[in-house]
Amino acid sequence: MNNMEEKLWNYIDGTCNAEERDAIALLIAQDEIWRNSYQEMLTFNNEITAITPDEPSMAFSYKVMEGIRAHEAIKPLKTTINTYIISGIAVFFVLSILGIVLFGFTGATQTISNGNTVTNIHLPDLSVFTNSTVMNVFLYVDVMLLLFFADVWLRKGRNNTKIKSVQN
């Protein structure tokens, strides 16, 4: 924008001081170029101020608000802690500790003196559970459980992907 246009816009907007306003009014009255530019800018300014902004219809506003409400409804409000998972973890650790304690007792021989009699306590031999057949069954059950949980996890992920693609 050149200097003349800036001064004319300041004159039209009323942002110039009294001296500049008088000088620009004199230039508009005396100079044809200033007068034509002023008339064009004044016409443009009047057209711009006469335009009323379009407002969306009520149906559009309603649809937008419903879309926002539906989008917010998809998000979970609060995450909850599954008590079965916590209980399962606790049972695992309790059984692990009991197993370690029993394993320690199997190798130990305890001598208890009761007055003048001495009794040796021998815990049962657990080596029968570590033979190859028992270990093979244990590993087979573990692999089956692993495959089952992997299948559930993968199906859950695939179902979530389908739900997201349907919503979009």
Region 25-66: mean projected area of Cα convex hull, nm²: 4.1 nm²
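Could you check how many percent of all C-alpha pairs in region 1-57 are farther apart than 18 Å?
Values: 597 of 1596 pairs.
In whole percent, the long-distance tail amounts to 37.
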Residue order, fewest to most beta carbons within 10 Å, for Ile12, Ile89: Ile89, Ile12
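None of the figures in this text is laboratory data; all of them are computed from the coordinates on show. Since the model is a prediction, treat every value here as computed from it, not as a measurement. When we count neighbours, we look across all protein chains shown, and the Cβ atoms used for this are built from the backbone with ideal geometry, even at glycine.
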